[in-house]
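Asker: I am attaching a structure below and will ask some questions about it afterwards.
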6 protein chains.
Amino acid sequence: MTTVKLLSDQEAEANPAIKLVFDDIRTTRKSDFINNFWRGLANDPALLKRTWEGLKAVMAVEGTLDPLAREMIYIAVSTANGCSYCVHSHTAAARARGMTDAQHGELLSVIGLAAQTNHLVTAMQIPVDPEFDIP
Amino acid sequence: MTTVKLLSDQEAEANPAIKLVFDDIRTTRKSDFINNFWRGLANDPALLKRTWEGLKAVMAVEGTLDPLAREMIYIAVSTANGCSYCVHSHTAAARARGMTDAQHGELLSVIGLAAQTNHLVTAMQIPVDPEFDIP
Amino acid sequence: MTTVKLLSDQEAEANPAIKLVFDDIRTTRKSDFINNFWRGLANDPALLKRTWEGLKAVMAVEGTLDPLAREMIYIAVSTANGCSYCVHSHTAAARARGMTDAQHGELLSVIGLAAQTNHLVTAMQIPVDPEFDIP
Amino acid sequence: MTTVKLLSDQEAEANPAIKLVFDDIRTTRKSDFINNFWRGLANDPALLKRTWEGLKAVMAVEGTLDPLAREMIYIAVSTANGCSYCVHSHTAAARARGMTDAQHGELLSVIGLAAQTNHLVTAMQIPVDPEFDIP
Amino acid sequence: MTTVKLLSDQEAEANPAIKLVFDDIRTTRKSDFINNFWRGLANDPALLKRTWEGLKAVMAVEGTLDPLAREMIYIAVSTANGCSYCVHSHTAAARARGMTDAQHGELLSVIGLAAQTNHLVTAMQIPVDPEFDIP
Amino acid sequence: MTTVKLLSDQEAEANPAIKLVFDDIRTTRKSDFINNFWRGLANDPALLKRTWEGLKAVMAVEGTLDPLAREMIYIAVSTANGCSYCVHSHTAAARARGMTDAQHGELLSVIGLAAQTNHLVTAMQIPVDPEFDIP
């Protein structure tokens with residue numbers, strides 16, 4: 001059950017603004033597969049376009065972080081925000097970019113550790129050490 | 001203002017269980033600096049020991065993720081969990097491990113993007129695509 | 001699977017304290033439908049009564065915010081807190097109060113944007129501008 | 001800096017609806033001290049009244065959980081929700097109800113552990129075991 | 001203390017990519033004031049540009065939600081995400097758009113109520129009623 | 001659907017590092033049942049071992065908090081972090097340790113109340129009263 005309709009390919013084809021984005025997703029990803037997230041966003045073509053362009057600008061360009069590192073950071077945020085869909089989709093994306101079982105295990109270890117110390121710090125209300133200041 | 005006392009070096013020295021951990025932190029990190037987090041945890045020496053050993057096992061060992069990637073994942077979780085202290089301390093640690101301004105900018109970009117799509121997914125209650133299943 | 005029993009109409013009828021609240025829900029909402037949330041809370045009649053009276057005092061009275069605006073704010077909080085049930089129930093309530101697809105799209109846009117900037121601010125630890133002070 | 005004015009005793013005295021609640025807080029707690037939370041809520045006397053009555057009904061009555069256990073649960077939720085003020089105020093309340101350093105250390109241990117396993121579970125998307133069903 | 005430098009007007013003027021965005025912020029908002037958020041983002045001109053354009057497209061255009069409603073939704077999300085800066089800046093923005101004390105009180109009431117029922121639902125693991133399905 | 005494989009007993013038996021932990025779980029809990037959480041963690045035997053030992057040290061030892069109080073705190077954190085699995089597993093554990101319906105109702109009441117006041121405090125940005133300082 002969703003709170004919006006998930007648009008079919010046929011419905012998407014019928015609206016040029018949606019078709020343009022779906023075509024670009026397919027070209028950029030070199031795949032015919034359009035996942036449900038975009039089919040939901042397509043209810044608002046302007047939001048669909050902005051979200052896809054934002055994602056493309058961050059995830060689908062050359063940069064100083066390699067694509068796998070970006071996917072792992074994405075998984076970390078999605079986990080902390082409790083987004084099941086996002087954890088699934090970005091774990092699949094990380095696997096597709098070569099994440100090994102060992103790397104996944106280390107990612108989980110860091111996520112779990114960070115959550116633990118985040119909560120300990122908050123419960124103790126620890127003040128920031130001046131040594132952490134960025135000169 | 002904290003909810004626990006932050007133990008001074010003198011107080012830590014007076015308790016062998018605490019001293020052992022503080023000495024190991026200093027040796028492992030090759031630095032005399034003990035940040036406030038450990039001084040707060042020292043109120044419960046068993047919790048201090050467990051937390052330090054957990055952190056050392058995840059962050060201070062060779063693995064398949066490089067130390068900078070681990071710090072970035074730590075920052076991502078700490079941001080989503082809203083832990084100011086942790087954001088400060090692990091951004092400082094990432095800088096110390098060579099994070100450039102460009103890398104920090106990309107890290108922020110991924111964190112912001114993930115948070116945005118996490119919330120969009122949750123608001124639309126998008127079902128997981130079967131294609132994301134791990135075979 | 002729940003962590004409490006969901007009380008049937010028959011079980012609710014058998015307890016006067018629960019029956020009183022269920023009757024008031026039906027009268028206030030002009031509908032026979034009692035959703036699962038109240039059937040779960042009914043395990044603790046005092047908690048059921050307090051929660052219903054709190055909700056009625058906020059959502060079912062005349063005020064300076066129109067009922068649709070209140071439902072949208074409710075959806076926003078429920079999304080950020082990751083409550084699937086609440087997102088579903090209050091999106092349905094907003095639809096029942098006339099929310100259009102265009103309004104829903106704008107609501108999603110604001111929610112996504114806010115989440116993105118919330119995380120960017122936290123990751124940068126931006127200090128509050130004095131200009132934001134309420135005189 | 002706050003987003004609402006904190007009402008002084010003089011301002012509170014001038015409004016009978018506020019005065020009634022402040023008087024009841026003082027009587028119930030057997031103390032003249034009104035903390036800032038109530039001074040902020042007093043901008044909306046109806047919200048002040050509802051919130052105080054809700055809190056009194058949960059925290060200031062006889063029940064099956066002892067008052068210290070309730071304060072510890074309050075600290076746990078406040079920590080996970082990242083509310084500094086609430087962590088401070090309810091840790092002070094727990095201390096006033098006799099929480100020892102050892103109990104505080106155990107509380108922190110459980111909070112940190114729960115946060116860690118919460119995140120591990122979410123990152124792995126573990127399905128609920130049928131054995132956990134409440135018969 | 002921040003994790004990035006906050007760029008001064010002089011530093012911003014020296015970089016055409018930043019200057020372009022700062023100029024557009026000033027023109028769009030009809031004010032010389034550039035708040036700290038943008039001064040932090042300016043460390044990464046591409047992120048600055050994307051974030052500003054995203055915000056402008058959602059918050060500074062005509063739409064079906066009035067500007068005050070959008071600010072209130074922004075406050076709601078920022079509160080649930082625990083972003084102090086965002087709560088301050090968007091409460092100030094809502095005040096500037098005419099939010100009255102009574103409206104603020106109702107906003108707070110809905111936020112508090114939603115948080116309460118979000119947590120109750122999650123603790124009881126209530127299943128979504130089929131009646132909430134969007135036809 | 002999970003993001004890791006859930007190891008069967010046969011697969012666990014085949015790896016001595018996993019077998020050792022599973023045996024200890026069974027011995028400590030005096031039950032043959034190994035829940036899915038451990039079967040997922042078993043993909044990374046070192047993470048499995050660390051997590052189990054951390055949990056055993058906090059939850060399965062004598063201390064100043066009774067086992068039921070610890071389970072209730074665990075439920076509180078898990079609820080605020082939105083972890084369905086954890087809410088289910090620790091509510092089952094609390095029931096097994098004797099939690100009554102009345103105690104569960106009070107636990108829910110405190111969780112809901114704390115969430116409400118957490119959000120109200122954050123939306124008002126209430127400063128910590130100096131009276132809450134721990135001497």
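The values are calculated or read from the model by the stated rules, or taken from the named source; none is laboratory data. All of these numbers come straight from a predicted model, not from anything done at the bench. Counting neighbours? That spans all protein chains shown, and the Cβs are built from the backbone with ideal geometry, glycine included.
Asker: So, of the residues in the stretch D:80-99 that are among the polar types (S, T, N, Q) and within 10 Å of the chain's Cα centre (by Cα), which turns out to be surrounded by the most Cβ atoms within 10 Å (Cβ to Cβ)?
Answerer: Among them, the one singled out is D:THR91.
Asker: Sticking with this one: Find the residue count for the stretch C:33-46, including only residues that are touching a residue at least 40 places away in the same chain (Cβ under 8 Å) and not hydrophobic (A, V, I, L, M, F, W, C).
Answerer: Adding up the residues that qualify gives 2.
Asker: Looking at the stretch C:111-135 only, could you name the residues that are β-branched (Val, Ile, Thr), out of contact with any Phe, Trp or Tyr (no Cβ under 6 Å at 6 or more places or on another chain) and either buried (at least 24 other Cβ atoms within 10 Å of the Cβ) or within 15 Å of E:ALA69 (Cα to Cα) (or both)?
Answerer: Answer for the stretch C:111-135, where residues must be β-branched (Val, Ile, Thr), out of contact with any Phe, Trp or Tyr (no Cβ under 6 Å at 6 or more places or on another chain) and either buried (at least 24 other Cβ atoms within 10 Å of the Cβ) or within 15 Å of E:ALA69 (Cα to Cα) (or both): C:ILE111, C:THR117, C:THR122.
Asker: Which residues, counting only those in the stretch E:44-63, are within 11 Å of chain B (Cβ to nearest Cβ) and more than 12 Å from the chain's Cα centre (by Cα)?
Answerer: Listed by number, the residues that qualify are E:ASP44, E:PRO45, E:ALA46, E:LEU47, E:LEU48, E:ARG50.
Asker: Exactly one of these conditions fails for A:ALA102: (1) surrounded by 24 or more Cβ atoms within 10 Å (Cβ to Cβ); (2) under 17 Å from B:ILE73 (Cβ atoms); (3) within 11 Å of chain F (Cβ to nearest Cβ). Give me its number.
Answerer: Result: A:ALA102 fails condition (1) only.
Asker: Is there a residue in the stretch A:58-76 that is closer than 30 Å to D:ASN118 by Cα and among the small types (Gly, Ala, Ser)?
Answerer: yes
Asker: So which residues in the stretch A:85-99 are more than 7 Å from chain B (Cβ to nearest Cβ) and under 22 Å from A:ALA114 (Cα atoms)?
Answerer: A:VAL87, A:HIS90, A:THR91, A:ALA94, A:MET99
Asker: When you scan the stretch E:1-79 for helices (runs of 4 or more DSSP H) that lie fully inside it, which ones turn up with 2 or more residues that are buried (at least 20 other Cβ atoms within 10 Å of the Cβ)?
Answerer: Per the criteria, E:16-29, E:36-41, E:45-59.
Asker: Being basic (Lys, Arg), modelled with pLDDT of 95 or more and not assigned by TED's automatic domain parsing to the domain that holds A:SER8 is true for just one of A:ARG50, A:ARG39, A:ARG95. Which residue is that?
Answerer: A:ARG95
Asker: Could you list all residues from the stretch E:105-135 that are more than 7 Å from every other protein chain (Cβ to nearest Cβ) and either in a helix (DSSP H, G or I) or within 25 Å of F:ALA80 (Cα to Cα) (or both)?
Answerer: E:PRO130
Asker: Next question, about the same structure. State the number of residues belonging to the stretch E:80-95 that are touching a Ser or Thr at 6+ places or on another chain (Cβ under 7 Å) and assigned to a helix (DSSP H, G or I).
Answerer: 5
Asker: Please find, among C:LYS19, C:LYS30, C:LYS49, the residue that is touching a residue at least 24 places away in the same chain (Cβ under 8 Å) and not β-branched (Val, Ile, Thr).
Answerer: Criteria check complete, one pass: C:LYS49.
Asker: I'm trying to understand the selection: among the residues of the stretch F:64-84, which are facing chain D (nearest Cβ under 7 Å) and under 21 Å from D:THR64 (Cα atoms)?
Answerer: Those that are facing chain D (nearest Cβ under 7 Å) and under 21 Å from D:THR64 (Cα atoms): F:THR64, F:LEU65, F:ALA69, F:ARG70, F:MET72, F:ILE73, F:TYR74, F:ALA76, F:VAL77.
Asker: Please enumerate the residues belonging to the stretch A:94-113 that are of a type outside the set (Val, Ile, Thr) and closer than 26 Å to F:LEU55 by Cβ.
Answerer: Passing the criteria: A:ASP101, A:ALA102, A:GLN103, A:HIS104, A:GLY105, A:GLU106, A:LEU107, A:LEU108, A:SER109, A:GLY112, A:LEU113.
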